[in-house]
Amino acid sequence: MAWILVPCLKSLRSEFNALAPNRDKGSDGSIGDSSHAGQRSDHNPDETGATPYEDADSRNEVHAVDVDADLRKPGWTMLRAVEIIVIRHREGRDDRLQNVIYNRRIWSRSWGWTAREYTGASAHTEHAHFSSRYTTAQEDDTGPWGLLEADVTKSEFTAWMTEWARSKAGREAIAQAVLTYDPGKDASGKIPAGGIVNPGSDAPGNPTITGSFALNRAAVAAMLGYEIRAKVDELLKGQNPG
């Protein structure tokens, strides 16, 4: 019976390919060999009855993929990739995997994605193993895994932020942030009825205001908005003369 790799793991493998186009694929794999077929394994197609769990559909799917550890990409190791994926699951930003195995350690959804020693026959030093869950929503979710997001360099991020700040959407977002700015409460821990506390400013020509003196929110916002917009304009002008 023909089998397929679950869509979420196809997307994970594709993301590794996009991250590291020249990576070694010698230890890549999905369907298990004869040794896997003789035991319950995520590498076995799920319609064979030789998997740890069962899913709700009748597709003959494999729920595990191995990715070679040699990424051949400066600044990247398989451990870094594994940590990004595991942390996303630990923090609840992803929920598609059941466990990850790499370099004699295993991380599992069953115990909150903390690392434990892995004592299986393979130490998994030559590749990382990723097992997906058997729930339909997770199987079919082909969204990003966070690897490409983590690969953005500082210069790329700066260029993106500059472009965003120059755009209409960026300026509107900055203005909105200014108008909703709240520097805090007064000494008693309460927000004054007439406005907000001005924490003071030592900027030239702008004397410090102390105590619980409350200024009107609109006045504070207008003042801060003018200063921030002027600073953004100055920075953008410096990066794009003329």
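Taking amide hydrogens as placed 1.01 Å from N in the peptide plane, the amide H of Leu97 sits under 5 Å from those of Arg133, each at least 5 positions away in sequence or on another chain.
Arrange the residues Thr119, Thr142, Thr136, Thr51 by how much accessible surface each exposes, largest first, with a 1.4 angstrom probe. Present the calculation step by step, with values, prior to reporting the outcome.
On the way: Thr119 115, Thr142 85, Thr136 60, Thr51 5 Å².
Reading off the accessible areas and sorting them downward yields Thr119, Thr142, Thr136, Thr51.
Projected over every direction and averaged, the convex hull enclosing the alpha-carbon atoms of segment 38-168 yields 10.5 nm².
The residues neighbouring Phe130, those whose beta-carbon lies less than 10 Å from its own, together hold a net charge of 0 under the Lys/Arg +1, Asp/Glu -1 convention.
Sorting Lys73, Lys10, Lys168 on solvent-accessible area from highest to lowest, probe radius 1.4 Å, gives Lys168, Lys10, Lys73.
At the residue level, Ile31 shows approximately 80 square angstrom of accessible surface with a 1.4 angstrom probe and all protein chains present. Rounded to the nearest 0.05, what FRET efficiency is calculated for Arg109 and Asp57 with R0 set to 22 Å and r the Cβ-Cβ distance? With a Förster radius of 22 Å, E is 0.60.
Taking amide H positions as modeled 1.01 Å from N, with prolines and chain starts lacking one, the residues under 5 Å from Glu61 and 5 or more places away or on another chain are Ile4, Asp46, Glu47.
Accessible area of Arg90 (1.4 Å probe, protein heavy atoms only, ligands and nucleic acids ignored): about 120 Å². Note on surface exposure: Arg80, Arg116 rank Arg116, Arg80 by accessible area, highest first, 1.4 Å probe.
The values are calculated or read from the model by the stated rules, or taken from the named source; none is laboratory data. Keep in mind that what you see is a predicted model, and the values were worked out from it rather than measured. Positions of Cβ are backbone-derived with ideal geometry, glycine not excepted, and every protein chain shown enters the neighbour counts. The protein model used for the area step is the full one, side chains on, heavy atoms only, and it has no ligands, DNA or RNA in it. Shrake-Rupley method; radii C 1.70, N 1.55, O 1.52, S 1.80 Å.
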